[in-house]
Amino acid sequence: MIRHLHLHQEMNYTSIATSMPMNDLVGDFYEAMLLFLEQEEVGTDSIIVCDAYQGDELYTVHPKSGYYHKRNSVDPPLISIIPGEYSFEQLLFTPSNKGEFLPLCMKFISKELQQKSSTLYIRLYKEKRFEIVVQFLLPFKGKEL
């Protein structure tokens, strides 16, 4: 279910996820981040920062980079999701691969992208040892970060 989210405080990410692929395929970035989080401690929070575009008949998502923050890290942030209004969706399950993930991502973009392009954040949070929460955040009504 897509919701409207008002983020009250920054979400900070302190490290670059170096295990991201060299291509610009969001499904490959998603799978790489899942593999990365499998090895990380509970409470590790990660994002994939993407550019989302609306063409005449097609929506595209191009990942730019991945970041993470370990629960007890005191390192300064490299990137932050700033407070503000977002279209938000938390998936009911964790897609196990890009084949399951891509249709859900594109459905969110096709419903929520309010302008020709915007930044999309794909958040993956390791909530429990074998549970990763997947969320989409898109600046509301085209508000760019």
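Would you mind stating whether residue 101 is hydrophobic (A, V, I, L, M, F, W, C) and surrounded by fewer than 12 Cβ atoms within 10 Å (Cβ to Cβ)?
no
For residues that are in contact with a helix residue (DSSP H, G or I) (Cβ under 8 Å, 6 or more places away or on another chain) and surrounded by fewer than 16 Cβ atoms within 10 Å (Cβ to Cβ), scanning just the stretch 73-90, find the one that is nearest to residue 110 (Cα to Cα).
Among those residues, the one meeting the criterion is 85.
On the basis of being surrounded by 13 or more Cβ atoms within 10 Å (Cβ to Cβ), touching a Gly at 6+ places or on another chain (Cβ under 9 Å), among the charged types (D, E, K, R) and free of Cβ contacts under 8 Å to residues at least 60 places away in the same chain, does residue 126 make the cut?
Criteria not met by residue 126.
Filter the stretch 38-57 down to residues that are over 23 Å from residue 107 (Cβ atoms) and within 15 Å of the chain's Cα centre (by Cα), then give me how many there are.
Taking the stretch 38-57 as the starting set, the residues that turn out to be over 23 Å from residue 107 (Cβ atoms) are 38-45.
Keeping just the survivors that are within 15 Å of the chain's Cα centre (by Cα) gives 44-45.
Residues meeting the conditions: 2.
Among 46, 96, 117, 110, which is surrounded by fewer than 16 Cβ atoms within 10 Å (Cβ to Cβ) and either at positive phi or at pLDDT 95 or above (or both)?
96 is the lone residue from the list that is surrounded by fewer than 16 Cβ atoms within 10 Å (Cβ to Cβ) and either at positive phi or at pLDDT 95 or above (or both).
So which of 20, 33 is buried (at least 16 other Cβ atoms within 10 Å of the Cβ) and assigned to a loop (DSSP other than H, G, I, E, B)?
From the options 20, 33, the qualifying one is 20.
The values are calculated or read from the model by the stated rules, or taken from the named source; none is laboratory data. Predicted model only: the values in this text are computed from it and were never measured. Cβ coordinates were reconstructed from backbone atoms using ideal geometry, including for glycine residues, and neighbour counts include every protein chain displayed.
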